[in-house]
Structures are given as structure tokens and as C-alpha cells.
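One structure is given here, and the rest of the page talks about it.
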Amino acid sequence: MSSPRSPMAPPQSFLWTRRVVLTVLAVFALLPVYVMVSSSLKPLQDVSGKFQWFPTNLTIRPYFDIWKTVPLAKYFLNSLIVAGSATVLSVVIAVFAAYAVSRYKFRGKRTFTITVLSTQMFPGILFLLPLFLIFVNIGNSTGIELYGSRAGLILTYLTFSLPFSIWMLIGYFDSIPRELDEAAMVDGCGPIRALFQVVVPAAVPGIVAVAVYAFMTAWGEVLFASVMTDDQTRTLAVGLQGYATQNDVYWNQIMAASLVVSVPVVVGFLLLQRYLVAGLTAGAVK
């Protein structure tokens, strides 16, 4: 005999509607992934012909050919250096800036926070020409080549990831009780020591969320990478265009390379998922 239904339980119509909606969303999200995986396991002639939902000639050769058709390993290394450096610099600078704004009062504090947040209102393409001219002029006047270099691309990505990182960490640091800082200072800690020994350990979820955001911003960016790089500093997002030549488009290798490129982001997100959710939730409000 079934137990009586609780009066607070949702109606059956709502439960079935939720199941149907979630199923449709799951299919909508997983179908492109299935097409990518199946296409990456087909020979080129099968991919170029009529699409088949179930491959008949399975092969893993595209996963070996992607490293020969274009210098994917070099592009992978460039993306790793650029995204990793931009992430580390964003986290370090954002931690110090957010701590100063959260814990100290100074003239122009409100103006600074509003300015930092307002930079997110402008589209990225608006900064493309100014940054290009700045890098070229710096190279002509000082000899420091930023255009076409990894350093220039790292600075470019900092202009986008740093404002949001500072703003999010300000909200997270504000949620940490100031009594922790005061107790550490009573024990003899200075401001910097209190930051690293007390505040930073308590703010690990927020810092992880900032790091993931900065890394994903730099890892998959195309517009600035296509303009600010050359053949030696090209990143993965731009390098994937090399599989489309004048004679043919290697669709199976494009799908295979896209899956390989996605592995670091997917693995990092799965490992840091609980920190990311906690950091975004706490840093979204004060």
C-alpha cells in the first residue's frame, strides 16, 4: 500500500513536465557532443558524404593526424602558456586589489569599484584597434615587441579578466568577517601576513572561481588571438582554422582536435566544480 501523498508535494503534472523539459535540454546539450565524437571517428570520405548517425567504418586515425596536419602541439603549448600566465596574474592582482578595497577606506574607493565594473559593459571588439596601436607604438618607441608576442596577448586578456575578477573577489572578501583579520593582527600579523594566512584560506572557493573564469576566457578566445599573434605565437582557438585548406576541409580532424582542446577545460571544471559553485554564489552578492 502506497504512503499518502504529502500536501506540500508538487503535483504529478509538474513532475512530468520537469522530466520532459530536462530530457529535452539534455538531448539538446549532448547531441552536438555525440556528432563531434562520431565524426571524429570516421574517415574523411564518410564525414564529407551523407551524414550517418551510426558510423560504419570506425577509425582513430584522425586523432593521430591532427598533430601532423597543423603544428597542434605548438599551438597547445602557446595556449597553455598564455592562459596559465593570464590566470596567475589575474588571481594575484585581483587578490591584492580586492583586499584593499574590501578592508580599507580611501578616497575614490566607490569610483574605483564602479569604474572596474563598468568596463564589462563595452564589447571586446571596441578595444581591438586601441590595443593594436598601443602595442605597435610601444614596439616602435622602446623596442619591446608586444604585438605578435605571448606577452602582448597575456596583457590583452588581463584587460578583460582582471576587472571582473576584482569585482567578484571584493564581494567574496566582504563576506569574510573582519574579526578574523583583527584577531590575526592582535597575534602579531601584519596586513600582508593576515591576508595570506587568514583571508586567502577562507576565500579559496572565490579564488578558484576567479581562476577558472580567467583561464576559460583566455583559452577559447578567438578575436584578439587572430590579430595579436603570428605563426609562432598562434593559439589553439586560431590554429584550428588550419584544418580548412584551399583544397579540402578535414572535418574529422577538426572534430577530433576540438575534443582534444576541450579536455583541459572539462577536466579542470570537473575537479574544481564544488569550489566554482561556492565561489560564484558567495561572490555574486555582498
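At least 2 residues being modelled with pLDDT of 85 or more is the threshold, and among the helices (runs of 4 or more DSSP H) wholly inside segment 170-252 those reaching it are 204-219, 223-228, 236-239. In segment 197-209, the residues that are open to solvent by 30 Å² or more (accessible area, probe 1.4 Å) form Cβ pairs under 6 Å with partners that are not in a helix (DSSP H, G or I), at six or more places apart or across chains, as follows: 202/176.
Taking each residue of segment 46-62 that is under 12 Å from residue 252 (Cα atoms) and open to solvent by 70 Å² or more (accessible area, probe 1.4 Å) and looking for partners that are modelled with pLDDT of 80 or more and in a loop (DSSP other than H, G, I, E, B) with beta-carbon atoms closer than 8 Å, six or more apart or interchain, yields 58/41; 58/42; 60/41; 61/43. Summed over segment 113-169, residues that are in contact with an Asp or Glu (Cβ under 7 Å, 6 or more places away or on another chain) and not in a helix (DSSP H, G or I) total 1.
Specify which of the listed residues (129, 80, 146) is more than 21 Å from residue 214 (Cβ to Cβ) and of a type outside the set (Gly, Ala, Ser).
Working: 80 fails: more than 21 Å from residue 214 (Cβ to Cβ); 146 fails: more than 21 Å from residue 214 (Cβ to Cβ).
Going through 129, 80, 146 in turn, just one is more than 21 Å from residue 214 (Cβ to Cβ) and of a type outside the set (Gly, Ala, Ser): 129.
This table checks each residue for (1) in the same structural domain as residue 173 (by the TED database); (2) modelled with pLDDT of 85 or more; (3) loosely packed, with under 10 Cβ neighbours inside 10 Å.
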{"residue": "75", "(1), (2), (3)": "yes, yes, no"}
{"residue": "84", "(1), (2), (3)": "yes, yes, no"}
{"residue": "88", "(1), (2), (3)": "yes, yes, no"}
{"residue": "92", "(1), (2), (3)": "yes, yes, no"}
{"residue": "111", "(1), (2), (3)": "yes, no, yes"}
{"residue": "119", "(1), (2), (3)": "yes, no, no"}
{"residue": "127", "(1), (2), (3)": "yes, no, no"}
{"residue": "134", "(1), (2), (3)": "yes, yes, no"}
{"residue": "137", "(1), (2), (3)": "yes, yes, no"}
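Scanning segment 1-27 for residues that are small (Gly, Ala, Ser) and open to solvent by less than 50 Å² (accessible area, probe 1.4 Å), we see that the one that is modelled with the lowest pLDDT is 9.
Of all residues being open to solvent by 80 Å² or more (accessible area, probe 1.4 Å) and modelled with pLDDT of 85 or more in segment 28-45, which is nearest to the chain's Cα centre (by Cα)? Just the residue, please. Filtering segment 28-45 for residues that are open to solvent by 80 Å² or more (accessible area, probe 1.4 Å) and modelled with pLDDT of 85 or more, the one nearest to the chain's Cα centre (by Cα) comes out as 30.
The values are calculated or read from the model by the stated rules, or taken from the named source; none is laboratory data. All values reported here derive from a predicted model rather than from experimental measurement. When we count neighbours, we look across all protein chains shown, and the Cβ atoms used for this are built from the backbone with ideal geometry, even at glycine. The accessibility values were calculated without ligands, DNA or RNA, using every heavy atom of the protein model including side chains. Shrake-Rupley method; radii C 1.70, N 1.55, O 1.52, S 1.80 Å.
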